[in-house]
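Notes follow the structure.
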């Protein structure tokens, strides 16, 4: 049917018929939007200078992200620049992450201190120390540094610390970066690297496969939670880290997300979803998903949390190998 014929049909309809058609089109559009699946990739603890040194000053994960041609957000701990003797090269690495055209920049503090432990004054100092090179390099790249992510996603031990931290960050022009999905890749990575360093390659591969499998199961869980709570797919934000595990397996995770019809979007785009305007109703220090933080009643929150995919197996291995010196 061409536009001319459609125009004749619409012209022949009365007001009530036109109104029904408009409502139908709006309804169909809402169904389509509810079915769309989007996710933003955010990476904490950038730059991993130890891995950079180990790989002969090759930014493996950054190169992989470039090859995937996806937007991503990074959250920077500037203390990592001093974690090896190659300080100038480490600064150059940080600059590579910042100037990459696909990266969005965020502050993750200088030393990754836990806010609820150190208190407000030490936390504020750590935030400001974490800006020294980041803001300079970002200004040179013509980029803002408008996002902040709390280390451990610890927003404070109680409502007072939550309010104080948020007020300070707002005064600095920062937006607190939430997340909806994470699969504790830091635990998987610890076990993964233990097996690699001890020459247990097959066991390392098994951990990598478990990480990939659990990640996709967790994505599916929060997808179902989103549909149950909001009647649609929300624009998810995935949290992971700059580590060896993601250098080896993030490509496969992105591939599986795309196979499940996920669009990879920027953090800016994800935060246009109105769910992120909701109030955080969780005033404890534990770094839980914002999908839980938005739930008003603790009983309902716990009900959902008990249904989440178990990571007991990797947690037991992590605790075992954390004791190994």
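Since every read-out is calculated from the coordinates, none of them should be taken as a lab result. Fair warning: this is a prediction, and the values are worked out from it, not measured in the lab. Positions of Cβ are backbone-derived with ideal geometry, glycine not excepted, and every protein chain shown enters the neighbour counts.
Which of the three applies to the stretch 152-232, rounded, prolate or oblate, going by the alpha-carbon gyration tensor with a ≥ b ≥ c and a/c under 1.5 meaning rounded?
On the way: a/c = 3.65, a/b = 1.60, b/c = 2.29.
Oblate shape, in that a/c is at least 1.5 and b/c is the bigger or equal ratio.
Would you mind putting 177-185, 273-281 in packing order, based on average other-beta-carbon counts within 10 Å, highest first? All intermediate terms of the calculation are to be shown ahead of the outcome.
Details: 177-185: 23.1, 273-281: 13.6.
Result, highest mean first: 177-185, 273-281.
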Which value, in Å to one decimal place, does the Kirkwood hydrodynamic radius take for the stretch 271-325 when every pair of different Cα atoms is included? 13.6
State, in angstrom, two size descriptors of the chain derived from its alpha carbons: Rg to one decimal place and Dmax to the nearest whole number. 22.3, 81
How do 168, 262, 192 rank when sorted from fewest to most other Cβ atoms within 10 Å of their own Cβ? 168, 262, 192
Would you list 209, 101 from fewest to most Cβ contacts within 10 Å? 101, 209
Could you check the spin-label model distance between residue 122 and residue 172? Points 7 Å from the Cα along Cα→Cβ, value in nm. 1.7
Give the relative contact order (percent, whole number) for the stretch 101-189; include only Cα pairs under 8 Å separated by 6+ residues. 31
Under the definition of Cα pairs under 8 Å and six or more residues apart, what whole-number percent is the relative contact order of the chain? 23
Where a ≥ b ≥ c are root eigenvalues of the Cα gyration tensor, a/c under 1.5 meaning rounded, otherwise prolate if a/b exceeds b/c and oblate otherwise, the stretch 26-120 counts as oblate
What value in Å³ per residue do you get for the convex hull of the alpha-carbon atoms in the stretch 230-325? 167
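Please order 292, 54 by the number of other Cβ within 10 Å, starting at the fewest. Don't skip to the answer; put the middle values down first.
Working: 292 20, 54 13.
Ranking 292, 54 by Cβ neighbours within 10 Å, fewest first, gives 54, 292.
Quote the relative contact order of the stretch 161-285 in percent (integer), defining contacts as alpha-carbon pairs under 8 Å separated by 6+ residues. Let's see the in-between values first.
On the way: 87 pairs, mean separation 36.5, N = 125.
This gives 29 percent for the stretch 161-285.
Using a ≥ b ≥ c from the Cα gyration tensor of the stretch 103-223 (square roots of the eigenvalues), is it rounded, prolate or oblate, where a/c under 1.5 gives rounded and otherwise the larger of a/b and b/c decides, a/b for prolate?
The shape class here is prolate.
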